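Q: Handing you this structure, nothing more for now.
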Amino acid sequence: MSKKFNSSFLKIFLWILLLSLCYTLITVSLNYVQGGASDRIFHLMRLVENYTNLRQHSLTYIMTTTFGAAGQGINFFYPTGSLWPFLVSMLLIKNPIHALFWGTFLRTVIGFAASIMAMKLLKYSDKISFLFAVSYIFSTYLLYNAIPRFDLGEAMAVLFLPLVFASFYIVLNSKRNTPFAWLVLSVSLTLVTYSHLLTTVLTVCILFFLMIVYFIKNYGFNNLKNIFCQLLLAGITYILMTLGFWVPLVDQLIGTHIMHPELPYGFGLPSIIDPSFDEIIKVSLSNHIQNNGVTVGVLVLTGIVILGINFNKLQPKNKWMYMLGLLFLILSTDIMPWAMLAKTPLSVIQMPSRFIPFANLFLIYVIVSEQGRFLKVYLGNKKKVTYLIFLLMPILLAMGSCVIYFQQQHAVPMASKGKSVAYSWAKRVDSQANWFGMSGSIYDDYLPTATTTVKRHVNQGDILIDQQVISGKDTVRQPIPNGMVYQVKSLEQKTGKLTLPFWTYNKGHYVISINNGGEQHILNSKTNVASTMTTLQKGNNTVRIQFKSPVIYKIAKLISFISVLVGLFLLVWYQLFRKNHSIKIKH
């Protein structure tokens, strides 16, 4: 293992760094954070909030610097794992544009490593593993997700999908117990969960569907019991690793009625991101990435046609992958009667185009797998040149897509500013916590249910003493990690119900203190905003409210942290000694 392994590992690592730098240079520029799509503003505000609290050595549960600075509990429901590559960069680099550049670089390194590891698990050579990684990371859909949409959550989650499905395949098709495979399955699914919740839900549903199909197809097979035990172990390990996310989520869902994100599209409604099949083909043929069109790209589209023509020549496994890819592509369009499911639990996925990441993954896998077979069987001495063409094609197509996109953004005027959409955000940078100047932006996602009057008072920052309204313009407020300090001016000493413009979820987890007095819990009110009975002194009063993480949250996070560390240690240990425990896959 020693010298040969170290040399091979070093080459792979250097190529990953080089390709990641290439991707970052192609995709990131000053207009990378131009203020167009709502997802971009949403995730940039999450970055600012988490960065601000990390500087004060605190984890973030509720938003008190951004999202209107009113205690919105975004992080209860939206995992923060996708932010960490950027948070690390932001903590080390002051310039936000540079921080986003290096955050993208770190995320891409992770993506390349995951894709290569997935292919190596499936016993592909280094060259084919690199070809898959390049084709997948530079694929048009991933570019669309990362740049025009700037969806940091899904952009991170899809990077781990190759590992999830590769390890799942190995568990189903191994001839004996494969602890390395089911450990990879649990760890990779954990990474998806800490990146994006909806991708996790769809992934688990697809894995469950594939498992049922496999068990029905292979009913009576002697190894089914062993396979089921491995999947059960992977499931238990996964639950332990993700308790830190699921416990706060479930606790808040039980304790508070939440407004889930509602979109003016999806499930049969006309939408630019739930297109018809012909619209996907049209946008994909252009290979453009744009805010108003979902795409799989010309490379995948060409692959679908060529593989379809030669379907009978495909390997049996690739036939199944190809059909699954087409199925997910069809499910992502209005060919399916999604409108019939608009009022069902399935509407939680928001939009059918959520299926495209899975179509993209399976189709690219089949394309690369068949390219590898083509190189091996048909080319002889021309392998190197053809391989280089296969390798460079996704990169060149990505460069073309990004150049056209950035040119289009410069050409679009920004009415409110009289400047181009893509003007440099570096000129808008505040050196303090509010880097991107968006603390006042307001979203209804994951808010507690409330009346229109209550929402208006919260959005305006109004404080109520009984029925008397103190305008938000006359109130000084200072954000603190997971809380807020208000300076409330009273013209006279007054005893009554004090209501703050601050959202509350599970009310037992909040405390209020008045004029540095003893902590008191908030009143149990249906308004879902913070209120308490108190006496205000004449003049200025300091009112402090803060979310206190309950013990069960801390225990859950500790269990998850230890489980992840143990899982990673076992993976490294098993990898180092894998020569004596090689995985045999049943084909």
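The values are calculated or read from the model by the stated rules, or taken from the named source; none is laboratory data. Please read all numbers here as calculations on a predicted model, not as lab measurements. Positions of Cβ are backbone-derived with ideal geometry, glycine not excepted, and every protein chain shown enters the neighbour counts. To get the accessible areas, we keep the full protein, side chains included, count just its heavy atoms, and leave off ligands, DNA and RNA. Shrake-Rupley method; radii C 1.70, N 1.55, O 1.52, S 1.80 Å.
Q: Given labels modelled 7 Å from the Cα in the Cβ direction, how far is it in nm from residue 444 to residue 568?
A: Going by the 7 Å Cα→Cβ label model, 4.0 nm.
Q: Continuing with the same structure: Would you kindly state how much longer the chain becomes between residue 493 and residue 210 on full extension, computed as 0.36 nm times their sequence separation minus their alpha carbon distance, in nm to one decimal?
A: Stretched fully, the residue 493-residue 210 segment lengthens by 95.2 nm.
Q: What is the calculated FRET efficiency for residue 326 to residue 473, with r their C-beta to C-beta distance and R₀ = 41 Å, to the nearest 0.05?
A: 0.10
Q: Under 37 °C and 0.692 mPa s, how fast does the range 463-505 diffuse according to Stokes-Einstein, given a Kirkwood radius computed over C-alpha pairs? Answer in µm²/s, whole number. Walk me through the numbers before you get to the answer.
A: On the way: Rh = 11.5 Å.
For the chosen part, D equals 287 µm²/s.
Q: Now a separate question. Leaving ligands, DNA and RNA out of it, work out the accessible area of residue 41 with a 1.4 Å probe and give it in Å² to the nearest 10.
A: The accessible area comes out at roughly 40 Å².
Q: Let me check against my output: what whole-number percent is the relative contact order of the range 4-159, with C-alpha pairs under 8 Å and at least 6 apart?
A: Taking the mean separation of contacting Cα pairs over the length of the range 4-159, I get 27 percent.
Q: For each pair in 282/317; 120/317; 120/319; 11/94; 225/557; 11/317, compute the distance between the two Cα atoms and list the pairs where it is over 25 Å.
A: 282/317; 11/94; 225/557; 11/317
Q: Here is a further query. Please state the shape class of the range 203-260: rounded when a/c is under 1.5, otherwise prolate if a/b exceeds b/c and oblate if not, all from the C-alpha gyration tensor.
A: In terms of gyration-tensor shape, prolate.
Q: Going through the cross-link list 455/497; 217/376; 123/382; 455/526; 494/526, which pairs have a Cα-Cα distance over 20 Å in this structure?
A: Going by Cα-Cα distance, 217/376; 123/382; 494/526 fall outside the 20 Å limit.
Q: Can you give me the distance in nm between label points at residue 218 and residue 548, each placed 7 Å from the Cα along the Cα-to-Cβ direction?
A: Simple spin-label model gives 5.3 nm for this pair.
Q: Using a basic spin-label model with each label point 7 Å from the Cα along Cα→Cβ, how many nm lie between residue 57 and residue 232?
A: Going from the residue 57 label point to the residue 232 one covers 4.5 nm.
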